[in-house]
Ligand SMILES: Nc1ncnc2c1ncn2[C@@H]1O[C@H](COP(=O)(O)OP(=O)(O)OP(=O)(O)O)[C@@H](O)[C@H]1O
Ligand SMILES: [Mg+2]
């Protein structure tokens, strides 16, 4: 569930459509928009943007949810200015082209013809000088926290340049085509999957297993089992096996959903399965220790909760540690879940056995300690 | 009959608190043995020592000659016994069948079906445990104790908290069980239960055994006389009976007790009265464990298990 929600926020399979609010001030006295500003807006709308026109007097749009608000303002006089500028540009190009031809022809042009060409060029230049034309500024307004505002400005600039070229009747001679290849690029949804799997296994152990064990003791099941030939090691291991199977099923479901919905990159290999098993052992062991160390089921659940929740949020399982202040990052490194999800991420997503070694070793130590503690603290007599 | 359980000078201390104080008794093979006592008397402590779940402070407890303190014998003892812990509740979200199967697999047994049929649980084997009535829940617990064909079954307060009907039903299953030859070790604070079910009983109060022995013998030796209760007997009749050596005591204004030792005395009392032209039909109160308990301990046990 969480994976679906977060995954769709942080990058699903279809490229996002950016909403762009456009305020067009280029209107005549009857409020009709200029031809060129209208055409420009159409060009924007045919690109990655979904244009929403803001009429004069409309309030500044407000964000619902996570979508960023970006407003592009087209200045007054856009159309006339652009027409003038186009004429000026065309004149400049024409004059320059003719002068270049004259230069290249050299002596082939008789001197009197050359003089008459330059005088007419001067006449044209004088006419050009009388045309009012300058640079027009479109304003793009957006939040300082909007990380894609810069790229969006670039896209709008590109569209504007193409628009100007089209007005000059010139065609673009440089084109970029995108081709997809098979290299793996981590996306945020890839980052979250191992975190969720790890957090789930942790809560299953610290809250689920602990209250299960405690409830079984309250019901007398533990007494009944202890009066049979079953040993407490067998009992502990049977809980561990059930939890391991549950974890592996959870992992497959998460990967299946992740793959179907988000084309997630995770492929479980033998290393990630070992890490899953070690993590399950560790948290099942810890859960059993909690379950046997307090009398009341309610107290056990409360302790399990108060250990799980801070760990879930502070260990970097639910969001990247890099987003947290440095002292919290140090705190995270004291948490068992940190090592579990790091090891899982390195094996499952990054596919790097090297970087997984250290956290996996820590998880292995926790697993051993957890299981041994669980066995030795479980009371099989003298309750 | 041979002795299947021998307990000798058994003592258990929790810290400084003496919960079981120098207790000795035996249980014979195939009998129903009851530990009868009020709350906190030490019943569960003794039972759990016998189940190898508690370590005694001193003394000896032998199950079929094997010492419960000897780690090498504990596993063999555990193969012989079936246990219903006090206030036992099976797992809520498992079915009746699954719960009994859990106990069966712990004991390496597979006769789940036979047990369920014997206890009348087969029809409801697929019901979730949480959906059962109190009486049925306890019966599932008994099934979990009985599965695996144990030679000795320990039932720690099997009917506490049940309504009278469910209690009677449980008794009938315990009687059936006895017929199959199993030795049954019962704890209870219900006098009636101990008296109706057990062959032998040990009365335990504050960690000490107050009396032990064959139930009928205890009652006949310690229970006192049979009491005949008459309404409106009259002073003349009372005098005549006293003259023949009977104990006659008024209990209320119009009710009088005449104590007799056996049946022939009942008829004698009635014929004396007839001689005086008094046609009276008394209520007959046979002595029971309650009288034994009252006589030895000096108090009664309430419905909830408290000494009063
Ligand atoms: N683990 C323990 N630690 C300390 N004291 C205990 C412990 N278990 C029992 N006791 C005390 O020992 C005494 C005997 O307890 P036990 O449970 O054996 O009595 P019981 O006859 O089974 O009573 P009940 O009818 O209440 O079950 C009680 O006073 C009890 O409070
Ligand atoms: Mg008890």
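List of remarks:
- Cα-Cα separations in the stretch A:188-382 greater than 26 Å, expressed as whole percent: 32
- Residue exposure sequence - A:235, A:380 - by fewest surrounding Cβ within 10 Å: A:380, A:235
- From most to least packed by mean Cβ count within 10 Å, the peptides B:171-180, A:240-249 give A:240-249, B:171-180.
- Note on residue B:263/residue B:92: beta-carbon distance plugged into 1/(1 + (r/R0)^6) with R0 of 41 Å gives a FRET efficiency of 0.15.
- Counting Cβ atoms of other protein chains within 10 Å of each Cβ in B:143-153 and taking the mean gives 1.
- Relative exposure of B:88, B:267, judged by other C-beta atoms within 10 Å (fewest first): B:267, B:88
- Pair residue B:271, residue A:153: separation of 7 Å Cα→Cβ label points (nm): 12.8
- Spacing of the two label points (7 Å from each Cα toward its C-beta) at residue B:206 and residue A:381, in nm: 3.0
- Efficiency of FRET between residue B:242 and residue B:18 - r from beta-carbon atoms, R0 45 angstrom, step 0.05: 0.40
- Degrees separating the helix B:71-80 axis from the principal Cα axis of chain B, which is the longest one: 70
- Cβ neighbours within 10 Å from other chains - mean over A:212-221: 4
- Radius of gyration and maximum dimension Dmax of the stretch B:107-173, Cα, Å: 11.9, 35
- Peptides A:277-288, B:56-67, B:295-306, B:191-202 ranked from most to least packed give A:277-288, B:191-202, B:56-67, B:295-306, packing being the mean of other C-beta atoms within 10 angstrom over each peptide's residues.
- For the protein assembly as shown, DSSP calls about 60 percent of its internal beta bridges antiparallel.
- For chain B, the Kirkwood estimate of the hydrodynamic radius, built from every pair of different alpha carbons, is 21.5 Å.
- Cα convex hull volume per residue for the protein assembly as shown (Å³): 278
- Peptide B:84-91 is shielded by partner chain Cβ atoms: per residue, an average of 5 of them sit within 10 Å of its Cβ.
- Base-10 log of normalised Debye intensity for the stretch B:201-258 (one unit scatterer per alpha-carbon) at q = 0.22, 0.27 Å⁻¹: -0.80, -1.03
- Relative to the dominant Cα principal axis of chain A, helix A:297-314 is inclined by about 30°.
- Based on the Kirkwood approach, the hydrodynamic radius assigned to the stretch A:282-330 is 12.2 Å, with every pair of different Cα atoms included.
- Residue order, fewest to most beta carbons within 10 Å, for A:340, A:309: A:309, A:340
- Taking the C-alpha atoms of the stretch A:82-129, convex hull volume expressed per residue in Å³: 50
- Extension gain, residue A:294 to residue A:109: 0.36 nm times the residue separation minus the Cα-Cα distance gives 55.9 nm.
- Based on alpha carbons, the Rg and Dmax found for the stretch A:126-230 are 33.0, 111 Å.
- Simple label model, 7 Å out from Cα along Cβ direction - residue A:181 to residue B:6, nm: 8.7
- Sites residue A:361 and residue A:237 - FRET efficiency at Förster radius 35 Å, r taken between beta-carbons, to 0.05: 0.95
Every number in this text was worked out from the coordinates using simple rules, so none of it is lab data. Worth saying up front: this structure is predicted, and the values here are computed from it rather than measured. Methodologically, a virtual Cβ is constructed for each residue, glycine included, from the backbone with ideal geometry; neighbour enumeration extends over all protein chains shown.
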